[in-house]
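S.K.: Got a structure for you, questions after.
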Amino acid sequence: MFKVYRKLFAYVPEKKYLIYISIVLSVLSTFAIVGAYYYLYLFFDGLITRNDLPGSAAYAWVIFGLLIGGNAVYFIGVLASHVLGFRLETNLRKRGIDGLAGASFRFFDLNSSGRIRKIIDDNASQTHTIVAHLLPDIANALAKPFLLLIAAFIVSPRVGIGLTILTIAAILLYSGMSGETQFMNYYQQALERLSAESVEYVRGIQVVKIFHADARSFKALYEAVRDYSKFALDYSMSCKVPWVLLQWAMFGIVAIIVPFIFLLPGVFTHGTETAVELLMLMFLSGVMFSTIMKVMYVVMYSFNGAMAVEKLEDMYEEMHKDSLEHGTREDFTGYDIEFSHVTFGYGEKTVLKDVSFTLKQNHSYALVGASGSGKSTIAKLISGFYKVDEGVIRIGGQPLEEYSEKAVLENIAFVFQDVKLFKTSLYENVALADPSADHEKVMEAFRRAGCDSILDKFKERENTLIGSKGVYLSGGEKQRIGIARAILKNARIVIMDEASAAVDPENEHELQKAFAELMKDKTVIMIAHRLTSVRNVDEILVIEGGKVIERGSDKELMAGDSRYKFFQDMYAQANEWRVSEHA
């Protein structure tokens, strides 16, 4: 438990003093409240045994003062722990956001958005719970049972012995409800899976996904619900008998003890003292029961907290485990791209196997192949999105990891199929590619990308806002804005991954002209399923099974019985498909 807290408090060094304030105030509160219980005994003794009404009234005021004061001190302690807990939760979320901003692409490939959100949000919330609520409760739970037993023996040895027996019985019964650690691990994993699958399923409802649009998503959610319900029910059933016995022992104390009271010596001659002792035993057993319940929650939430911290730290580590480690070389020595015996995979799935090839600078290339063959993976490896498992990638004769991150970002431009525009002006969306560019250079990038017709549609032209408070653009229009961004960046290596796949017909001509402007005097790598768009590149590489099986110009590959020719023939046949009307 204390190891967990040491880890957590490392994230809030500036608020560490609140730990000690909370613990000290909680212990002081416990002394005050248990002191009130002792004065309650004096109150009953004066009122019932000695018939001392004025003295009992004075004790009542002392009880009132101790309870008010104890709870006020406890409130301040809890307030201090809540300030610490909220700061901790905030810092953990910030750490998660910072980690996601620099996480490797492989991390996102291997972890669904639902799982990432579950681990960061839910586990950060759990760490808040074990600090804000349990930090004072731990001090209270550790001190209160001992103080209650001491108070019980001060009242009477018989009360002390009775409360001790009940406490031991309660602890034994509680141990039967705690469950095995391995079982709790399974339970937590089932809960995590349920949360992740629920998020993924709900997010998929409002958007029809092109990929994996089948029953697998619902099946995964169903299995997650089934597994979670099974573990929850099994755990509840395992706790049923000890939980019922624990409540029966604590709340049925009178029915258990009264038959034995008459066997005690002097019970009839000291009836009032026996009545007071019975009242105190009933009262203290109820307090002990609530204290043991608090201990149960402390143990349960401490276990959950330990798992939360472990999952968060594992995720933080996983975020950067596969990130490319950049060097210090600021300038590219050339723009030839060389793959030398490169092997790469996602988890246990190998995508590229001992791949070697060279792409000459200032030439255009197309990567062609079936889905899953490794085309996009090659493009992302060139961009430094992933770290290779084996082999080396060189640009300009130097290993990619020797270049600084700044050098890679400045010299490689990646145009995705789905261009992301920020909720700001069109001008700022393009200008972010080169913050040092003046207005004239940005507008020149708009012109070269064929965006004048887009700007002319809006009164504010380049100052038009995008998004919920502004306008929305079609897929082809967004693509041209993305190309304007890439033109302004003026990177010497340009990678286009399915950049024209979803373009609307009215934008296709303008988009092709924008591509031509972007590709001037650049090393260009294109990935396209629309095979008509790759005929004019300098060389085509056919990728299959994680290897380059063919390469050459369109004319060369179409002249023989090549895999590329097979793809082109299939593409031509597909374009001739028509929906016929039958009577």
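The values are calculated or read from the model by the stated rules, or taken from the named source; none is laboratory data. Fair warning: this is a prediction, and the values are worked out from it, not measured in the lab. Backbone-built Cβ (ideal geometry, glycine too); neighbour counts: all protein chains shown. For the accessible areas, the whole protein counts, side chains as well, though only heavy atoms, and no ligand, DNA or RNA atoms are used. Shrake-Rupley method; radii C 1.70, N 1.55, O 1.52, S 1.80 Å.
S.K.: For the pairs LYS349/LYS387; LYS406/LYS478; LYS349/LYS375; LYS380/LYS489, flag any whose C-alpha to C-alpha distance is greater than 21 Å.
M.R.: Result: LYS406/LYS478 exceed 21 Å.
S.K.: Describe numerically, in nm with one decimal, the distance between label points set 7 Å from Cα along Cα→Cβ at LEU432 and at ILE48.
M.R.: Going from the LEU432 label point to the ILE48 one covers 7.4 nm.
S.K.: Less than 21 Å apart at the alpha-carbon level, and either on another chain or at least 8 residues along: which lysines does that give for LYS294?
M.R.: Of all the lysines, those that pass the test against LYS294 - Cα under 21 Å, at least 8 places apart if same chain - are LYS3, LYS144, LYS240.
S.K.: Something else now. Sort ASP52, ASP561 by accessible area with a 1.4 Å probe, largest first.
M.R.: Accessible-area ranking of ASP52, ASP561, largest first: ASP561, ASP52.
S.K.: Which value, in Å² and to the nearest 10, is the accessible area of LYS240 when all protein chains are kept and the probe is 1.4 Å?
M.R.: Number for this one is 100 Å².
S.K.: Between ASP389 and TYR472, take the C-beta separation as r, use R0 = 45 Å, and let me know the FRET efficiency to the nearest 0.05.
M.R.: Efficiency computed from Cβ-Cβ geometry: 0.65.
S.K.: Positive end of the dipole of segment 405-461, charges at C-beta (+1 Lys, Arg; -1 Asp, Glu), about the Cα centre: which of VAL415, ASN429, ILE454 has its Cα farthest in that direction?
M.R.: In segment 405-461, that residue is ILE454.
S.K.: Let me ask another. Over segment 33-92, what is the mean sequence separation of C-alpha contacts under 8 Å (at least six apart), divided by residue count, expressed as relative contact order in percent?
M.R.: Reported relative contact order: 34 percent.
S.K.: Here's a follow-up. Using alpha-carbon positions, what is the distance between the centroids of segment 374-396 and segment 8-29, in Å?
M.R.: So the separation of the two Cα centres works out to 48 Å.
S.K.: Right, here's the next one. Just to verify a number: what accessible area does HIS82 come out at with the full protein assembly present, 1.4 Å probe, Å² rounded to tens?
M.R.: Surface accessible to solvent at HIS82 totals approximately 40 Å².
S.K.: Can you work out the accessible area per residue across segment 320-422, with the rest of the protein chains kept in place, probe 1.4 Å, in square angstrom?
M.R.: Averaged over the residues of segment 320-422, the accessible area is 46 Å².
S.K.: Now a separate question. On the full set of protein chains, 1.4 Å probe, figure out the accessible area of THR350 and give it in Å² to the nearest 10.
M.R.: 70
S.K.: With all protein chains present and a 1.4 Å probe, how do GLU273, GLU556 order by accessible area, largest first?
M.R.: Largest to smallest exposure gives the sequence GLU556, GLU273.
S.K.: Put TYR386, TYR20, TYR472, TYR74 in order of accessible area, largest first, 1.4 Å probe: what do you get?
M.R.: Largest accessible area first, the list is TYR472, TYR20, TYR74, TYR386.
S.K.: May I pose another question? Describe numerically, in nm with one decimal, the distance between label points set 7 Å from Cα along Cα→Cβ at ASP452 and at LYS360.
M.R.: 3.6
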